[in-house]
Structure formats: C-alpha cells, structure tokens
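Below: one structure, written as structure tokens.
The values are calculated or read from the model by the stated rules, or taken from the named source; none is laboratory data. The structure presented is a predicted model; accordingly, all values stated were derived computationally and were not measured. Here the Cβ is made from the backbone with ideal geometry for all residues, glycine too, and neighbour counts use every protein chain on show. Ligands, DNA and RNA are stripped out before the accessible areas are found, and what is left, the full protein with its side chains, is counted by its heavy atoms. Shrake-Rupley method; radii C 1.70, N 1.55, O 1.52, S 1.80 Å.
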Amino acid sequence: MKLELKNIKHSEFASEETFCYEATLYVEGKPFAQVSNDGKGGADYLYRDDRFLDGEAWNKCHALVKIHCADKFRWELGDGWREGSIETACHELMTDYLIRKDLNKALKEPCYLDNNQIVSYNVSSKRPNIFDQIRRQLEKPDLVFLNELPKDEAFKMFKEVG
C-alpha cells in the first residue's frame with residue numbers, strides 16, 4: 001500500500017514537541033484524509049478528505065490503512081517493538097519530506113559523504129566540470145558526489161547521516 005503526504009504546510013517555528021503541519025494523506029494515489037498537528041506534543045488530527053464521498057468505503061479503507069501501518073511503521077521502544085499507526089506513518093512521511101527539503105538545499109553545492117559526514121563546497125553544483133575539478137584538487141578520482149547519484153540513493157545516504 002502506497003501512502004503519501006501532499007499539500008504539506010509545515011511550520012518550523014511552531015513545532016515544539018511534534019511537527020506542526022497540515023497535509024493531505026493519499027492512499028494509492030487518491031486523497032484519503034486531511035491530517036494535522038498543532039506541534040505541541042498532542043496526537044495528529046485525521047479527518048476524511050471531502051473528495052472521498054462514500055463514508056462506508058472510507059471506513060473500510062481506513063481499517064486497511066490501519067492494518068498496513070501497524071505492520072509497516074513499527075517502531076522500537078526500549079523493551080521491544082510497538083505497532084505502528086497512521087500517526088507514526090504520517091510522522092515518518094513528514095520526516096522524509098523535511099530531509100528531502102534539506103537534501104535539495106545541500107545539492108545546490110557539490111557535496112559528498114566522508115566518514116559519515118556531509119562535506120560540501122561553497123560553489124554552485126551547476127558550475128561546469130565542478131565535480132571533476134574537486135576530484136583533481138582532492139586527488140580522489142573515485143570520489144562520488146551525492147549530486148551525481150539518483151535522487152533516491154542520495155536521499156538514503158543523506159538520511160543515514162543526518
């Protein structure tokens with residue numbers, strides 16, 4: 001089951017104990033629910049999206065989403081694993097959204113991974129031959145820049161380090 005958050009509005013300054021955000025949760029590419037959190041540490045709010053007209057069908061879909069999230073979005077707490085929920089799924093999706101935003105900012109400059117740290121240069125990554133110039137300067141011909149990787153692979157590496 002594919003879950004996505006779209007139409008995200010995130011407020012960094014209002015995020016205290018949890019993310020302060022509003023978004024639309026999509027299930028299999030279709031709008032399912034409006035989700036939000038006020039950022040003060042409470043639970044997420046989840047309301048049926050108005051475009052999901054049939055209440056009974058929404059309830060069935062909601063039950064399936066809950067089952068999916070219970071397994072796919074499990075999390076570890078000291079003494080063992082806990083079942084995931086739609087809320088933990090939304091939290092993980094928000095985390096990934098914010099990491100992708102940071103990655104997109106980082107990729108404006110040449111950057112690579114060195115001993116579990118991101119190293120970047122204060123020049124535009126769009127500058128012609130910049131990656132080869134840096135490789136020659138560092139005498140590291142095999143150096144791989146995150147900028148040159150497929151986005152999903154760069155995201156995975158960036159997330160592990162961040």
(request) Test each condition in (1) closer than 23 Å to Arg100 by Cβ; (2) modelled with pLDDT of 90 or more for Ala43 and report the one that comes out false. (result) (1)
(message) I'd like the residue in the range 1-51 that is among the β-branched types (Val, Ile, Thr) and within 19 Å of Ile67 (Cα to Cα) and, out of all such residues, is surrounded by the most Cβ atoms within 10 Å (Cβ to Cβ).
(response) Val35
(request) Output the residues belonging to the range 8-31 that are aliphatic (A, V, I, L, M) and in a strand (DSSP E or B). (result) Ile8, Ala23, Leu25, Val27
(request) Collect the residues in the range 82-128 that are assigned to a helix (DSSP H, G or I) and either open to solvent by 60 Å² or more (accessible area, probe 1.4 Å) or among the hydroxyl-bearing types (Ser, Thr, Tyr) (or both), keeping them in residue-number order. (result) Glu87, Thr88, His91, Glu92, Thr95, Tyr97, Arg100, Lys101, Asp102, Asn104, Lys105
(request) Check off (1) open to solvent by less than 60 Å² (accessible area, probe 1.4 Å); (2) out of contact with any Lys or Arg (no Cβ under 8 Å at 6 or more places or on another chain); (3) of a type in the set (A, V, I, L, M); (4) not in a loop (DSSP other than H, G, I, E, B) for Leu64 and give me the number that stays unchecked. (result) (1)
(request) Please identify the pairs in which a residue from the range 135-162 that is under 22 Å from Lys101 (Cβ atoms) has its Cβ atom under 7 Å from the Cβ atom of a residue that is among the hydroxyl-bearing types (Ser, Thr, Tyr) and modelled with pLDDT of 90 or more, counting only partners at least 6 apart or on another chain. (result) Phe145/Tyr112; Leu146/Tyr112
(request) Please give the number of the condition Phe73 fails out of (1) surrounded by fewer than 13 Cβ atoms within 10 Å (Cβ to Cβ); (2) at pLDDT below 95; (3) of a type outside the set (Asp, Glu). (result) (1)
